[in-house]
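Structure first, then comments.
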Amino acid sequence: MEIKKDTTNEMMIEFDSRPGNEGFVRVAVAAFCTQLNPTLEEVADLKTALSEAVTNAIIHGYEGEVHKIRVVCKTKENVVHITVTDWGKGIEDIEKAMQPMYTSKPEMDRSGMGFVFMEAFMDQVEVTSQPGEGTAVYMKKAIGR
């Protein structure tokens with residue numbers, strides 16, 4: 001009987017919703033994912049998508065107030081799973097929010113491209129949200145195809 005080795009690995013980081021922490025979590029997730037031996041392009045894709053999700057939580061979820069954001073990163077075989085969760089104001093209309101160029105903060109010169117970038121750089125993006133309760137953005141990417 002062959003014993004199959006479990007390749008799942010997981011980490012979680014919870015941090016204050018301060019803009020300076022966005023860079024920290026990008027580096028932490030990139031470092032965690034190095035065990036999959038990603039290319040520089042794959043690392044850049046992960047970091048960009050993660051950056052967009054965290055920035056959305058800071059700007060839209062908490063509207064600049066300081067609260068907690070949680071990032072859970074899991075690797076299984078050659079796939080990275082990332083979930084970014086906030087407990088902020090939530091999204092009224094997810095489908096509308098994910099449209100290119102849509103922003104709820106045009107006065108802040110927001111481009112409305114955050115979800116578009118996430119979808120471009122990841123294999124899968126799913127958003128769940130409850131107004132008044134928060135938002136979770138789940139992203140998945142296969143490494144080394």
Length added when fully stretched, ALA44-ILE94, from 0.36 nm per residue minus Cα-Cα: 15.4 nm
Average accessible surface area per residue within the chain, 1.4 Å rolling probe, Å²: 57 Å²
Under 10 Å, Cβ to Cβ, from LYS68 - net charge with Lys/Arg +1 and Asp/Glu -1: -2
Extended-chain gain in nm, criterion 0.36 nm per residue less alpha-carbon gap, ASP16 and ARG70: 18.5 nm
Rounded, prolate or oblate (a/c below 1.5 giving rounded, otherwise prolate when a/b exceeds b/c) for the chain by Cα gyration tensor: prolate
Kirkwood Rh and Cα Rg combined as Rg over Rh, evaluated for segment 1-41: 1.16
Efficiency of FRET between HIS81 and THR34 - r from beta-carbon atoms, R0 25 angstrom, step 0.05: 0.95
Derived scalar couplings ³J(HN,Hα) [segment 36-50; Karplus, 6.51 cos²θ - 1.76 cosθ + 1.60; whole Hz; x for Gly, Pro]: 8, 6, x, 6, 4, 5, 5, 5, 4, 4, 4, 5, 5, 4, 4
ARG70, ARG18, ranked by accessible area, largest first (probe 1.4 Å): ARG18, ARG70
Distance-filtered residues of segment 56-85 - backbone nitrogen under 12 Å, label point 7 angstrom along THR7 Cα→Cβ: 75-80
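The values are calculated or read from the model by the stated rules, or taken from the named source; none is laboratory data. These numbers come from a predicted model, not from an experiment. Heads up, the Cβs are rebuilt from the backbone with ideal geometry, glycines too, and the neighbour counts pull from every protein chain shown. Surface accessibility is based on the protein's heavy atoms, side chains included, excluding ligands, DNA and RNA. Shrake-Rupley method; radii C 1.70, N 1.55, O 1.52, S 1.80 Å.
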